[in-house]
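S.K.: Following this message is one structure expressed as structure tokens.
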Amino acid sequence: MSKYGYIGANKAPTQTELDNDGLYSIDEHADLVQPNDGSIAHGGVICEYLVVSGGGAGSYGGGGGGGVENASFVAKAGVTYTVTVGAAAGTSSIVGADGRTVVSVDGGGAGNSGAGYNGGGGGSASWNHGYPGLSDVFHEDGSGIKGYNGANTGDRAGSGGGGMGAQGSNSGSSRAPAAGGAGAQPGNTSQFATDASAGDGGYFGGGGAGAGENHGGQSTASGGSGGGGNSGQWGQNHQAGQAGQTNTGGGGGGGSSGGAGGSGIVIVRVPEATSALTTSGSPSTATANSYDYYKFTGSGSFSL
């Protein structure tokens, strides 16, 4: 059977004044090429998304940043798409009622706990290595990015968690804290952040900072851009790490007790000329640069 054109290898299509037989309809063409670049849009509307999963929790080492994905798909008329926004270290996704998983992104790795998906967690004290960030991203074109590793540590200090744009920092000395890795801005992420008033300076998925030992007035370190939590301290004067920033996917900072990872976010946009989406879950909305934005900070749904 031919993929495009008429149906059947040896049978030509027939045509009468009232009927065409043996030809694919426009809707069938659109189904065959999903997702597409917009050249065949009769089957739906081009919908762009930014999906950020939850950041990993800190321990001594900083938590890894959550995954950050920016792409597009054709949303079909009559299909409801469920939006899941991951809590700390949780998965964020868009899944159609027709069984179609558009995108699914697992959360960042925790500090001290081994390899983590997307941003890797920072290592614990005593010169342990940081842990790798492993890509665990599904979307329909088969692509996905891998977050950066957590760094190695110094004696009696934790290292920074890996962000989605940079590796976490080494502690630099035996007792010093370490900064978290920067988050990421794939594709149109910066524009999404600006137009929908989201993110941390246009970034998402920053790693949490690693704890230092409080010795001789040791300072704390900053989380990575993209919502990573600042470090606390352990040792003489205990200080908890900061939590990752809400709705950025930032990793939690390390400390005497680690900060929780920041929750994720899902933002979808369609051209302003398109009819408004029907939504549940009360996303906030904005219109900018000829797009209508729908910002989900909690789970919900949308449809054409």
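The values are calculated or read from the model by the stated rules, or taken from the named source; none is laboratory data. Because the structure is predicted, anything quoted here is derived from the model rather than measured. All Cβ positions, even for glycine, are placed from backbone atoms using ideal geometry, and neighbour counts span all protein chains on display. These accessible areas exclude ligands, DNA and RNA; they are computed on the full protein's heavy atoms, side chains included. Shrake-Rupley method; radii C 1.70, N 1.55, O 1.52, S 1.80 Å.
S.K.: So which residues in the range 48-75 are touching a Ser or Thr at 6+ places or on another chain (Cβ under 9 Å) and in a strand (DSSP E or B)?
M.R.: Glu48, Tyr49, Leu50, Val51, Val52, Val68, Glu69, Asn70, Ala71, Ala75
S.K.: Between Ala125, Ala87, Ala75, which is among the hydrophobic types (A, V, I, L, M, F, W, C) and modelled with pLDDT under 85?
M.R.: On the way: Ala87 fails: modelled with pLDDT under 85; Ala75 fails: modelled with pLDDT under 85.
Exactly one residue qualifies, and that residue is Ala125.
S.K.: Only one residue in Ser263, Ser219, Ser282 is in a loop (DSSP other than H, G, I, E, B), surrounded by 24 or more Cβ atoms within 10 Å (Cβ to Cβ) and polar (S, T, N, Q). Which one?
M.R.: Numbers: Ser219 fails: surrounded by 24 or more Cβ atoms within 10 Å (Cβ to Cβ); Ser282 fails: surrounded by 24 or more Cβ atoms within 10 Å (Cβ to Cβ).
When all the criteria are applied, what remains is Ser263.
S.K.: Here's a check for you: in the range 47-61, which residue that is closer than 30 Å to Ala77 by Cα and not small (Gly, Ala, Ser) is most open to solvent (accessible area, probe 1.4 Å)?
M.R.: This residue is Glu48.
S.K.: Which condition breaks for Ser197 when tested against (1) under 21 Å from Glu69 (Cβ atoms); (2) at pLDDT 95 or above; (3) surrounded by 20 or more Cβ atoms within 10 Å (Cβ to Cβ); (4) not charged (D, E, K, R)?
M.R.: (3)
S.K.: Scan the range 177-192 residue by residue and report those that are surrounded by 22 or more Cβ atoms within 10 Å (Cβ to Cβ) and not β-branched (Val, Ile, Thr). Quick ask: steps written out before the conclusion?
M.R.: Narrowing the range 177-192 to residues surrounded by 22 or more Cβ atoms within 10 Å (Cβ to Cβ): 177-185, 189, 192.
Result: Pro177, Ala178, Ala179, Gly180, Gly181, Ala182, Gly183, Ala184, Gln185, Phe192.
Yes or no, residue by residue, for (1) of a type in the set (A, V, I, L, M, F, W, C); (2) over 25 Å from Thr91 (Cα atoms):
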| site | (1), (2) |
| --- | --- |
| Gly229 | no, no |
| Asn237 | no, yes |
| Gly264 | no, no |
| Val268 | yes, no |
| Glu272 | no, yes |
| Ala288 | yes, yes |
| Tyr291 | no, yes |
| Phe296 | yes, no |
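S.K.: Further, regarding this structure: Return yes when Gly226 is crowded, with 23+ Cβ neighbours inside 10 Å, closer than 18 Å to Ala182 by Cβ and modelled with pLDDT under 90 and no when it is not. Talk me through it step by step, then tell me what you get.
M.R.: Numbers: crowded, with 23+ Cβ neighbours inside 10 Å: yes; closer than 18 Å to Ala182 by Cβ: yes; modelled with pLDDT under 90: no.
Taking the combined requirement at face value, the residue does not satisfy it.
S.K.: Counting just the residues of the range 206-216 that are in a loop (DSSP other than H, G, I, E, B) and surrounded by 24 or more Cβ atoms within 10 Å (Cβ to Cβ), which one comes out modelled with the lowest pLDDT? Outline the logic, then answer.
M.R.: Restricting attention to the range 206-216, the residues satisfying the condition of being in a loop (DSSP other than H, G, I, E, B) are 206-209, 211, 215-216.
Then keep just the ones that are surrounded by 24 or more Cβ atoms within 10 Å (Cβ to Cβ); that gives 206-209, 211.
Values: Gly206: 88, Gly207: 86, Gly208: 87, Ala209: 85, Ala211: 80.
Out of the qualifying residues, it is Ala211.
S.K.: Another one. So Gly162 passes all but one of these: (1) modelled with pLDDT of 70 or more; (2) under 30 Å from Val268 (Cα atoms). Which condition number does it fail?
M.R.: With respect to (1) modelled with pLDDT of 70 or more; (2) under 30 Å from Val268 (Cα atoms), Gly162 is out only on (1).
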